[in-house]
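Scroll down for the structure; my scribbles are underneath it.
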Amino acid sequence: MFKKNGIVTGLVAGIIFPLVTWVCFDVIYKGVVLMQKPALPYFIAVGLNLVLIRYAVNKGWHKAGQGVMIVTFIFTLLIFIMKVKI
């Protein structure tokens, strides 16, 4: 059903780290703040997604890397809108 080099595969793979982070820090621990920075765990998830993008591109899975990039971009925008107060 899924191709290794498909945008849907990238979207699914890209949502794993943000979803795990959201479940851990907003659902289970109810908004725990690390080092007085509420968005830090989410930025770690974005960093892990960037590693995932690099892995996909190095393997030649450019469409999967694009899917991960789309999720990472949307997730980063959501972090700025909901967590970071400028």
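Summary table below
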{"read-out": "Range of Cα positions in the chain per principal axis (Å), largest first", "value": "39, 25, 18"}
{"read-out": "All lysines inside 27 Å of LYS83 as judged from Cα atoms, apart from same-chain residues fewer than 8 positions distant", "value": "LYS30, LYS37"}
{"read-out": "Cβ-based net charge around VAL46, under 14 Å, with every Lys or Arg adding one and every Asp or Glu removing one", "value": "+3"}
{"read-out": "Axial C-alpha extent at least 27 Å, average Kyte-Doolittle at least 1.0 - helices from the chain (DSSP)", "value": "40-59, 62-82"}
{"read-out": "Charge context of GLY6, other residues only, Cβ under 14 angstrom, K/R +1, D/E -1", "value": "+4"}
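Bear in mind these aren't lab numbers, they're just calculated from the coordinates by the rules spelled out. For clarity, every value in this text was computed on a predicted model and none was experimentally measured. Cβ sites come from the backbone with ideal geometry, for glycine too, and all protein chains shown count toward neighbours.
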